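Report on the structure given below.
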Amino acid sequence: MSQTFDPRVFQLGYVGLGVTDLSRTRDYYASTMGLVETARGDGASFLSVGAEHHNLVLQQADEKTFLHQGYQLNAGTDLADFTRGAEAFGLAPTRKSDAHPGIPELVEIEAPGGNVFQFYTEIAVAEQGYSRSGISPMRLGHLAVVTPEAARLRKFYEDFLGFHYTDDIGGVATFLTCNRDHHVVNVVGLPESRVHHIAFELYNNAHHSTACDILARAGKPTLWGPARHYSGHNLAGYHYDPDQVMIELYTEMDIYVPAAGAFEPRPWHEENPQRPMSWKPEQMTQWETSFEFDLVTA
Ligand SMILES: [Fe+2]
């Protein structure tokens, strides 16, 4: 663990995707996932889970692409100070005004592996609030990124942003957090550059069955789970969005307490106390449920 200071950010704010059919993908995220569109224009759609102005940016593109990941900086952060800090770290930050609706100022940084990050302090609220239809998750939780530059990207998260290491699976998938969630990002080292999955937190476990029913009616089969992972112990189910970007819906993720260097105790933990560790690649579901769908290569 090389992390030595408090994280500069406290949550994953949004994910930006290039999509091949904007109206089809917008319809899935609005009608099936139950996100609310808060702005559109220039071939783009901005969608909110319900609190912040947007948690997802969809941009019409020739092929599916991973555009960027947005993080909200700690309250009181001075963007000029943050920009100077990035330069001192050897990065090339760019200040942008009104680049997104609802975000007056952001700082864009290209991190290792061509991963584009956007950082901001202020984002407007979603005036329409939470949807009352579709799955309507509670919040955007985390992102899993596949990159051939995993070691360097991990250093960016840890040494520049202050993320905590919380677990890894076989040294290939590394879990990192900037808040109480077991992970806010999962960095997967493979010779590809893409999103592995985007994860939304549900209200409770009963919400999983409601969500799976809604997905089934929408012709979006649940491909893996719901089942309890080992790493993070989240109860997770996965399906594909219209461009075959994997979407995770989860509850009961482990809560990390940095001062303890351990997770809050849970009856389903393997260790007491449960601390960050390396899991075996075959340790995918604690329930030993069998799935034909290969979650690792998907
Ligand atoms: Fe996940």
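Let's see how each residue does on (1) acidic (Asp, Glu); (2) in a strand (DSSP E or B); (3) in contact with a Ser or Thr (Cβ under 8 Å, 6 or more places away or on another chain):
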{"site": "6", "(1), (2), (3)": "yes, no, no"}
{"site": "15", "(1), (2), (3)": "no, yes, no"}
{"site": "23", "(1), (2), (3)": "no, no, no"}
{"site": "46", "(1), (2), (3)": "no, yes, yes"}
{"site": "69", "(1), (2), (3)": "no, yes, no"}
{"site": "75", "(1), (2), (3)": "no, no, yes"}
{"site": "80", "(1), (2), (3)": "no, no, no"}
{"site": "83", "(1), (2), (3)": "no, no, no"}
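Residues considered: 290, 278, 209. Of these, the only one that is more than 16 Å from the chain's Cα centre (by Cα), among the polar types (S, T, N, Q) and at pLDDT below 95 is 290. The selection criterion, being within 21 Å of residue 268 (Cα to Cα), surrounded by fewer than 17 Cβ atoms within 10 Å (Cβ to Cβ) and out of contact with any helix residue (DSSP H, G or I) (no Cβ under 8 Å at 6 or more places or on another chain), does not hold for residue 216.
The residue list 190, 202, 223 contains one member that is modelled with pLDDT of 95 or more and surrounded by 20 or more Cβ atoms within 10 Å (Cβ to Cβ), which is 202.
Checked against (1) more than 23 Å from residue 110 (Cβ to Cβ); (2) in a loop (DSSP other than H, G, I, E, B); (3) within 16 Å of the chain's Cα centre (by Cα), residue 135 passes all but condition (3). Just one of the numbered conditions (1) more than 14 Å from the chain's Cα centre (by Cα); (2) over 18 Å from residue 5 (Cα atoms) is not true of residue 200; which one? Evaluating residue 200 over (1) more than 14 Å from the chain's Cα centre (by Cα); (2) over 18 Å from residue 5 (Cα atoms) leaves (1) as the failure. Do we have residue 194 as more than 13 Å from the ligand (Cβ to nearest atom) and over 16 Å from residue 136 (Cβ atoms) here? When the stated conditions are applied, residue 194 passes them. Evaluated against (1) of a type in the set (Lys, Arg); (2) surrounded by fewer than 16 Cβ atoms within 10 Å (Cβ to Cβ); (3) assigned to a helix (DSSP H, G or I), residue 40 falls short on exactly one condition, (3). Scanning segment 157-191 for residues that are more than 21 Å from residue 282 (Cα to Cα), outside any strand (DSSP E or B) and either within 14 Å of the ligand (Cβ to nearest atom) or out of contact with any helix residue (DSSP H, G or I) (no Cβ under 6 Å at 6 or more places or on another chain) (or both) yields 157, 158, 159, 160, 161, 162, 178, 179, 180, 184.
The values are calculated or read from the model by the stated rules, or taken from the named source; none is laboratory data. Please read these numbers as outputs of a predicted model, since none were measured by experiment. All Cβ positions, glycine included, derive from the backbone under ideal geometry; neighbour counts span all protein chains shown.
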